[in-house]
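Here's the structure, in structure tokens; my notes come after.
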Amino acid sequence: MDKHQRRQQIADYKRRAIRSGIYRVRCTASGESWAGPASDLSTIGNRLWFTLRLGNHPHRQLQQAWNLHGADAFECHDARVLEHDPELHDFERARLLQDALAEVCRQTGATPLR
């Protein structure tokens, strides 16, 4: 890859639309599920699997289920995508995420990850 292609790919990455919202993790073996907020839904899966593989995810129940059932028993998907509003302040966006998390947990019975 030459310098021009690399610069173009970096510029494209920086211009990509960032989707924030709520993700949901489900253990197919036990039926348990967890939901959490993400400022960028496209990157949350890698971060989640990385911490679980290392054994240091902060949510103890999720980590225990991962250790017991293994990676193949887990799936992760977007539960709610929030519309991007560039005029929102960070505290307003955080509040919208918390409200959406509460709603997803209420509807699905998922345990919140905070």
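The values are calculated or read from the model by the stated rules, or taken from the named source; none is laboratory data. Note that the structure is a prediction, hence the values are computed from the model and not measured. Here the Cβ is made from the backbone with ideal geometry for all residues, glycine too, and neighbour counts use every protein chain on show. Note: accessible area is taken over every heavy atom of the protein model, side chains too, but ligands, DNA and RNA are not part of it. Shrake-Rupley method; radii C 1.70, N 1.55, O 1.52, S 1.80 Å.
Charges at C-beta only: +1 for Lys and Arg, -1 for Asp and Glu. How large is the resulting dipole of the chain about its Cα centre, in Debye rounded to 20?
400
Given the protein chains as shown and a 1.4 Å probe, how many square angstrom of Leu88 are accessible, to the nearest 10?
Leu88 exposes around 40 Å² with every protein chain in place.
From the helices alone, meaning DSSP H stretches of at least four residues, give me the mean residue ellipticity at 222 nm for the chain, per-run term -39500 (n - 2.57), in deg cm²/dmol to the nearest 500.
Rounded to the nearest 500, it is -16000 deg cm²/dmol.
Please report the spacing between the Cα centers of the stretch 1-32 and the stretch 63-114 in Å, no decimals.
With the stretch 1-32 and the stretch 63-114 each reduced to a Cα centre, they are spaced 16 Å.
Which value, in Å², gives the accessible area per residue of the chain when a 1.4 Å probe is used on the protein heavy atoms?
Computed with neighbouring chains in place, this is 69 Å² per residue.
Check which residues have an amide H placed less than 5 Å from Arg80's amide H, if you skip close sequence neighbours.
Counting only residues 5 or more places away or on other chains, the set is Ile22.
Accessible area of the stretch 1-87 with a 1.4 Å probe: how many percent of it is carbon plus sulfur?
Details: 2860 of 6050 Å².
Percent of accessible area from carbon and sulfur atoms in the stretch 1-87: 47.
How would you classify the stretch 30-73 from its alpha-carbon gyration tensor, with a ≥ b ≥ c the square roots of the eigenvalues: rounded for a/c under 1.5, else prolate if a/b is greater than b/c, otherwise oblate? Can you show the working numbers first?
Details: a/c = 1.78, a/b = 1.50, b/c = 1.19.
Prolate.
Hey, if you drop one equal point scatterer on each alpha-carbon of the chain and run the Debye formula without solvent, what base-10 log of I(q)/I(0) do you get at q = 0.17, 0.22 Å⁻¹?
Normalising to I(0) and taking log10 leaves -0.86, -1.16.
Grab the other residues whose beta carbon is less than 11 angstrom from that of Gly109, score K and R as +1, D and E as -1, and report the net.
Numbers: positive: Arg24, Arg26, Arg106; negative: Glu32.
Summing Lys and Arg as +1 and Asp and Glu as -1 gives +2.
If r is the Cβ-Cβ distance from Leu68 to Asn46 and R0 is 25 Å, what FRET efficiency results, to the nearest 0.05?
Plugging the Cβ-Cβ distance into 1/(1 + (r/R0)^6) gives 0.65.
Find out how many positive minus negative residues lie around Glu75, taking Lys and Arg as positive, Asp and Glu as negative, among other residues whose Cβ is under 15 Å from that of Glu75.
Net charge around Glu75: -1.
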